Amino acid sequence: MDIALGNYLRLQNQKGTSSFYFQNFFIQSTSTFQGDEYTFVPYGFSGVTVNRSGDNTEATLVFPNNELTRAWALNAVQQRWLARVYVMALDPEDTSVGTLMHQYNGEVAAGQWDETSLTLSLNTILDAVGSDVPLRRLTQSLIGNIPTSANVRLR
């Protein structure tokens with residue numbers, strides 16, 4: 001039995017209302033993983049790059065540049081979609097068998113394209129070194145009533 005590496009990718013908008021499921025191993029085929037159908041799309045996943053201080057954990061996704069990828073990739077960058085990449089050990093003969101080796105969660109931070117390729121840069125959801133959390137809008141349901149006066153004292 002031969003074992004090979006492949007990636008399953010789930011791209012999802014922040015609200016969870018739009019999702020794409022791609023895999024890059026089983027050509028012209030779909031594959032099921034965790035109950036979802038992943039369609040074949042030729043893309044590459046760079047894996048994770050970490051510098052010596054441990055704070056740079058970016059990864060990239062590279063797709064062919066065509067009208068189909070540009071249509072959703074622009075939304076992915078502008079709306080900061082979430083990406084989950086599963087690095088899998090796969091059986092080339094069976095699309096239903098695979099072993100999860102690594103999982104990467106990131107947010108689409110930037111994108112660029114040239115004549116042949118479209119690249120999406122992914123940032124991790126949480127920067128462990130800088131303790132930066134993705135920006136969050138403060139609402140009344142999160143923090144309660146907001147003061148309407150400038151005369152506020154902290155105790």
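A few remarks follow.
- Subset of segment 25-73 that is of a type in the set (D, E) and surrounded by fewer than 11 Cβ atoms within 10 Å (Cβ to Cβ) - its residue that is modelled with the lowest pLDDT: E67
- Scanning segment 73-96 for residues that are under 18 Å from Q34 (Cα atoms) and without any contact (Cβ under 8 Å) to a residue 60 or more places away in the chain returns a single hit, D94.
- Enumeration of residues in segment 113-141 that are loosely packed, with under 11 Cβ neighbours inside 10 Å and at pLDDT 70 or above: D114, E115, T116, S141
Quick grid of which residues meet (1) surrounded by 12 or more Cβ atoms within 10 Å (Cβ to Cβ); (2) touching a helix residue (DSSP H, G or I) at 6+ places or on another chain (Cβ under 7 Å); (3) of a type in the set (D, E, K, R); (4) modelled with pLDDT of 90 or more:
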position	(1), (2), (3), (4)
A4	no, no, no, no
N7	yes, no, no, yes
K15	no, no, yes, no
Q23	yes, no, no, yes
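- Hits in segment 64-123 (condition: among the aromatic types (F, W, Y) and assigned to a loop (DSSP other than H, G, I, E, B)): W81
The values are calculated or read from the model by the stated rules, or taken from the named source; none is laboratory data. Treat the numbers as computed from the prediction; the structure is a model and nothing was measured. Backbone-built Cβ (ideal geometry, glycine too); neighbour counts: all protein chains shown.
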